[in-house]
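Read through the structure below, which is laid out as structure tokens, and then see the notes.
The values are calculated or read from the model by the stated rules, or taken from the named source; none is laboratory data. It should be emphasised that the depicted structure is a prediction, and the values quoted were computed from it without experimental measurement. Cβ coordinates were reconstructed from backbone atoms using ideal geometry, including for glycine residues, and neighbour counts include every protein chain displayed. The area values use the complete protein model at the heavy-atom level, side chains included, leaving out ligands, DNA and RNA. Shrake-Rupley method; radii C 1.70, N 1.55, O 1.52, S 1.80 Å.
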Amino acid sequence: MFAAKSFMIKHVMTPLRLQKRGSSSSKSSFNRGVHFFFKKNLLFTNSITSGGFMVIGDLIQQEIEIHGNLLPSRYDWTRTTRMFIIGTLMGPLHHFYYIYLDKLLPKTDLKTVGKKILNDQLLASPATIFCFFYGLGFLEGKTIKECTAEVKEKFTYVYLGDCLFWPPIQYINFCYLPTQYRVFYINFATMIYNVFLSFMKHYDQPKKV
């Protein structure tokens, strides 16, 4: 009888042990993934996600244009490729910017967060807007003069949208997130912002037939 009970206990416990091992293995794989993407290869992750979310934002905007009969077909892949290139190139800029900013202002109190947001709106945001328009203009084959004319026409509206959208996003970023997750979070938020950015970039451009 004792042997039977031992057999039954062993029979019940074995699947539980296997389930626990499977759960530990999944958790271990997740931790390895986090380490690989957000510690060992953070620059790569920030660059690719920056380009990828830029693409998603542009495709959403193209869908809006298609339903408004502003685009003749799905999709303008040349335009989307340009957006991916610029987004990917801007990834390293954001990567090193947030590392430097956290070293310069390491605290997370309200005063420090306010300084970071102010720095972001007065320095980082204008620089990002300039890189976006001049970079895409270069890929489109425009001259510096043509790029400058476009920036003069659109900068005020884009910067106003930037000031309305980013401060609350950055408050969460600077208050609650570790440095290694900042750019991924910003890239995800940028996916939403890029719908607006793509509209501002392309609304006045001739559409391909």
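Couple of notes before you dig in:
- Some residue of the stretch 148-157 being surrounded by 14 or more Cβ atoms within 10 Å (Cβ to Cβ), closer than 30 Å to Leu105 by Cα and modelled with pLDDT of 95 or more: yes
- Selection count, the stretch 128-149, where residues are closer than 14 Å to Ile86 by Cβ and part of a helix (DSSP H, G or I): 13
- Number of residues in the stretch 66-79 that are free of Cβ contacts under 8 Å to residues at least 60 places away in the same chain and crowded, with 17+ Cβ neighbours inside 10 Å: the value is 0.
- Scanning the stretch 99-111 for residues that are in a helix (DSSP H, G or I) and without any contact (Cβ under 8 Å) to a residue 24 or more places away in the chain returns Tyr100, Leu101, Lys103, Leu104, Leu110, Lys111.
- Residue within the stretch 125-137 that is small (Gly, Ala, Ser) and open to solvent by 30 Å² or more (accessible area, probe 1.4 Å) present: yes
- Members of the stretch 182-194 found to be open to solvent by 30 Å² or more (accessible area, probe 1.4 Å) and over 8 Å from the mean Cα position of the chain (by Cα), listed by number: Ile192
- Matching option when the condition is basic (Lys, Arg) and modelled with pLDDT of 95 or more, among Lys201, Lys145: Lys145
- Checking each residue in the stretch 63-83 for being in a helix (DSSP H, G or I) and either within 17 Å of Tyr97 (Cβ to Cβ) or modelled with pLDDT under 90 (or both) picks out Ile64, Glu65, Ile66, His67.
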